[in-house]
Amino acid sequence: MTPKHEKQEFVTVLVRDPRTQKEDSWHSYIDYEIFIHTNSMCFTRKTSCVRRRFREFVWLRQRLQSNAVLIQLPELPSKTPFFNMNNPHHVDHRRQGLQEFLEKILQDALLLSDSRLHLFLQTQLSPEDMEACVSGQTKYSVADAIHNFASLNRRFPVEDEERKKGKNDADSDSESSSSGLGPSDDSVSCGCKASPASEES
């Protein structure tokens, strides 16, 4: 194949739309929307959107580091006792740090091969459920989990068009899964935007 026919692979990641969530009557936390748009063959879905909180990023970094001990992973924004979720500067500084962390992670081919990263970015599974999935302790595979999450949430217009084209060619790209994977508590409240046009707040 000649170089002019080869597509340049890209992965766009946006961390945006911080929102305060109530954990219980006394505790709140902030979660962030992670929007992915890619043409990379590494990804099951070419567009996806999930919400994650800071401690889930901490979990992801620890798991990636334990599986790739020879790689120096980028740092997360520091967790400080002075972080104030009511201070927009603090929240945006953390959001920027989380985005830079993911941008660097997604440039490493070895890290891209870790199933936990894909479940983190393309499903709303909890860390415990992600661990169970990658270790084969669930009825569903990593791909099942990602497809099931996408089918539970509103589709992106680009993927709707691709899906219609696929149905015309062959009806082999079925999104239904007999895995029995149900939505997690967070999946129904994702509230992701369908377009990267309105970015950071």
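Among the residues examined, Leu98 qualifies as in contact with a strand residue (DSSP E or B) (Cβ under 8 Å, 6 or more places away or on another chain) and open to solvent by less than 60 Å² (accessible area, probe 1.4 Å). The residue that is farthest from Asp108 (Cα to Cα), among those in segment 63-77 that are out of contact with any helix residue (DSSP H, G or I) (no Cβ under 8 Å at 6 or more places or on another chain) and surrounded by fewer than 12 Cβ atoms within 10 Å (Cβ to Cβ), is Ser66. Note on segment 36-62: among residues that are over 11 Å from the mean Cα position of the chain (by Cα) and among the hydroxyl-bearing types (Ser, Thr, Tyr), the one that is farthest from Leu152 (Cα to Cα) is Ser40. Here the condition is being open to solvent by less than 60 Å² (accessible area, probe 1.4 Å) and modelled with pLDDT of 95 or more; of Ala132, Ala170, Ala150, it holds for Ala132 alone. For segment 3-24, the set of residues classified as open to solvent by less than 90 Å² (accessible area, probe 1.4 Å) and out of contact with any strand residue (DSSP E or B) (no Cβ under 9 Å at 6 or more places or on another chain) consists of Asp24 only. Of the helices (runs of 4 or more DSSP H) contained entirely in segment 1-112, those carrying at least 2 residues that are in contact (Cβ under 8 Å) with a residue 40 or more places away in the chain and aromatic (Phe, Trp, Tyr) fall at 54-67. Of the residues in segment 113-150, how many are of a type in the set (D, E, K, R) and not in a helix (DSSP H, G or I)? Count: 2.
The values are calculated or read from the model by the stated rules, or taken from the named source; none is laboratory data. These numbers were taken from a predicted model, which means no experiment stands behind them. Cβ coordinates were reconstructed from backbone atoms using ideal geometry, including for glycine residues, and neighbour counts include every protein chain displayed. Surface areas here come from the heavy atoms of the whole protein model, side chains and all, with no ligands, DNA or RNA. Shrake-Rupley method; radii C 1.70, N 1.55, O 1.52, S 1.80 Å.
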